[in-house]
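Chemist: Just passing along the structure, written as structure tokens.
Since every read-out is calculated from the coordinates, none of them should be taken as a lab result. Fair warning: this is a prediction, and the values are worked out from it, not measured in the lab. Positions of Cβ are backbone-derived with ideal geometry, glycine not excepted, and every protein chain shown enters the neighbour counts.
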Amino acid sequence: MILLLASVKDVAGMNIAKQVIQLHGFEKTSRTFNDKPVYARRIGNQQALLAFTNKEITETQDITEFFQPELIVFLSRHASRAGTPTLSVHTPGNLTNQAVLGGLPNKISVSPASKMKKTLKTMAKLVQEQNLDYAVSYECTHHGPSLDTPAMFAELGSTLAQWKDKKAAKVVADAVIEAVKDSTVYPTVIGIGGPHYNYKFTKIALTTDTAFAHIIPKYAISEINDAMLKQCVERTVEKVEKALLDWKGIKGEYKPRMVEALERLNIKMEKV
């Protein structure tokens, strides 16, 4: 079973969910969650559910107590100070001992790299075809929840104007459904270095077969140890083939330490 989850507190998440219901054949069931109806449809040989939480979407650490899916896709708003219209994907979880926005300290969710890549590629394709003024990007692994189930965020941002944009919400909804339908398994890597929105890694994913699982940003590298690098590799659906290092996006003082850690863990690496 696959679970799509949106928060009633999230304008963008609800907008995307409405597009899923209206355009993708989800029908109301007799089941409820948080006193809201659960919607469902068959996708291939899988059942897909769409449910709504009364909590903020990042605060759903207990969601697997109520559902036991093979994949969770969180339909969510994206906010940024820059306010750039953006469609993005990422795996949730906390790379450091900070858990300010939900989840557990030093614990990341299982990353569905191929599903994220398919979502990203479909977003980019639809944005181009419809001539929408949106950037498409991977984000680094961040915020809650920290789950033992494959989980990804599909986000619409970055301000209220975009959260209400039905065309953009439809792109996210269409991309998520395409990803859920698709069974392609891509060569998978983890990304290290660079900014929160890593357009270098995004470009690689959009122009090659490579899929990114967890992405560790420049600002978190000082707190990354062997145990977290090991988590990034082991908590990925696919076999991680290597680490791609955004070499210019890693401070000089941390480059030797990161290389040595990857060597200790026998993780192949490539500078990009």
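Chemist: In the structure displayed, which of 107/181; 200/271; 115/167; 251/271 lie more than 20 Å apart, Cα to Cα?
Modeler: Working: 107/181 28 Å; 200/271 12 Å; 115/167 22 Å; 251/271 14 Å.
Exceeds cut-off: 107/181; 115/167.
Chemist: How much net charge surrounds residue 188 when only other residues with a Cβ under 13 Å from its Cβ are counted (Lys, Arg +1; Asp, Glu -1)? Provide the component values of the computation, followed by the final result.
Modeler: Numbers: positive: 115, 117, 118, 235, 239, 242, 268; negative: 209, 234, 238, 241.
Within the 13 Å Cβ shell, the charges total +3.
Chemist: Roughly how big is the range 149-272's charge dipole about its Cα centre, with Cβ charges of +1 (Lys, Arg) and -1 (Asp, Glu), in debye to the nearest 20? Spell out each step's value before the answer.
Modeler: Working: 19 positive and 16 negative charges, 63 e Å.
Dipole of the range 149-272, to the nearest 20 debye: 300 debye.
Chemist: Could you give the size of the charge dipole of the chain about its Cα centre, using +1 on the Cβ of each K and R and -1 on the Cβ of each D and E, expressed in debye and rounded to the nearest 20? Write out the running numbers ahead of the final one.
Modeler: Working: 35 positive and 28 negative charges, 97 e Å.
With Lys and Arg at +1 and Asp and Glu at -1, about 460 debye.
Chemist: Now for a different question. With a point put 7 Å past each Cα toward its Cβ, work out how far residue 253 is from residue 241 in nm, to one decimal.
Modeler: Going from the residue 253 label point to the residue 241 one covers 3.5 nm.
Chemist: Excluding residues fewer than 8 places away in the same chain, name every one of the aspartates and glutamates whose C-alpha is closer than 20 Å to that of residue 239.
Modeler: The reachable aspartates and glutamates, counting only those whose Cα sits under 20 Å from residue 239, are 70, 148, 182, 209, 226, 263, 270.
Chemist: How far, in nm, would the chain grow between residue 23 and residue 67 when pulled straight, counting 0.36 nm per residue and subtracting the alpha carbon separation?
Modeler: Between residue 23 and residue 67, full extension yields an extra 13.4 nm.
Chemist: Next up: When the dipole is taken about the Cα centre of the range 89-187, and only Lys, Arg (+1) and Asp, Glu (-1) are charged at their Cβ, what size is it in debye, to the nearest 20?
Modeler: Values: 11 positive and 9 negative charges, 28 e Å.
Its charge dipole is roughly 140 debye.
Chemist: Whole angstrom only: what separates the Cα centroid of the range 15-40 from the Cα centroid of the range 209-272?
Modeler: Their Cα centres are 38 Å away from one another.
Chemist: Work out Dmax and Rg for the chain from the C-alpha atoms and quote the Rg first, both in angstrom.
Modeler: When restricted to the Cα atoms of the chain, Rg and Dmax are 17.7, 57 Å.
Chemist: Further question on the same structure: Take every Cα pair under 8 Å in the range 193-244 that's 6+ residues apart, average their separations, divide by the length, and report that relative contact order as a whole percent. Mind dumping the intermediate values first?
Modeler: Working: 22 pairs, mean separation 18.5, N = 52.
Normalised by residue count, the contact order of the range 193-244 is 35 percent.
Chemist: Follow-up. Given H placed 1.01 Å from N in the peptide plane, which residues other than close sequence neighbours of residue 144 have an amide H under 5 Å from its amide H?
Modeler: 93, 101, 102, 103
Chemist: Sorted by packing (mean other beta-carbon atoms within 10 Å per residue), highest first, where do 38-48, 99-109 land? Write down the numbers at each step before the final one.
Modeler: Working: 38-48: 15.1, 99-109: 18.7.
Ranking the peptides 38-48, 99-109 by packing returns 99-109, 38-48.
Chemist: In addition: Once Lys and Arg get +1 and Asp and Glu get -1 on their Cβ, which of 202, 168, 151 lies farthest toward the positive end of the dipole of the chain?
Modeler: Highest projection toward the positive end goes to 168.
Chemist: Find the relative contact order for the chain and round it to a whole percent, using C-alpha pairs within less than 8 Å whose residues are 6+ positions apart. Intermediate values should be presented prior to the final figure.
Modeler: Working: 648 pairs, mean separation 54.7, N = 272.
Dividing the mean separation by the residue count of the chain yields 20 percent.
Chemist: Here is a follow-up. For Cα pairs less than 8 Å apart in space and 6+ apart in sequence, what is the mean separation divided by the residue count of the range 22-63, i.e. the relative contact order in percent? Display every interim value, and only then the final one.
Modeler: On the way: 46 pairs, mean separation 12.0, N = 42.
Relative contact order for the range 22-63 comes out at 29 percent.
Chemist: For a label point 7 angstrom out from the Cα of residue 84 toward its Cβ, which stretches of the range 159-196 have the backbone nitrogen within less than 13 Å?
Modeler: Backbone N within reach: 195-196.
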